[in-house]
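> A single structure is presented below for examination.
Read-outs throughout are calculated quantities, based only on the coordinates presented, and are distinct from any laboratory measurement. Since the structure is predicted, the reported quantities are computational estimates derived from the model, not experimental observations. Don't worry about glycine lacking a Cβ; one is built from the backbone with ideal geometry, like all the others, and counts go over all protein chains shown.
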């Protein structure tokens, strides 16, 4: 009987630890929620204040490997929660490791004025490795407000 209690306790510990591992990385639902929160923040506070919050790594807009980016429809980075050096840069010709023009694709999709998911590869700020990424974007005025998840 004591052996069974020990096994049951071990099983409980292992199962309790599993959600913690899964929670290490953001989910697609969390990316969509982050974008909705970012769009609402832009609408309530104006672009200038919002972009400063997103780029300034405000805890409200950074969650593990999840962060907000904003691109103008001409390919310029307006805010970037993981890499402040990209802000102000024209990234229209940027390609991922597979040669995909991901910014060109992103702004073309945003110009159609519908929410969308985009697949490409990018450096994960947590692992520091290039990983497949799925980016959710919402067009807002002449911008794309986005947040994405890395494939695990």
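> Could you work out how far apart the two model spin labels at residue 85 and residue 40 are, taking each label as a point 7 Å from the Cα in the direction of the beta carbon, and quote it in nm?
The modelled label-to-label distance comes out at 3.5 nm.
> Take the alpha-carbon centre of the range 52-80, take the same for the range 118-142, and report the distance between them in whole Å.
About 11 Å separates the Cα centre of the range 52-80 from the one of the range 118-142.
> Taking a ≥ b ≥ c as the square roots of the Cα gyration tensor eigenvalues, with a/c under 1.5 meaning rounded and otherwise prolate when a/b beats b/c, else oblate, which class fits the range 34-120?
prolate
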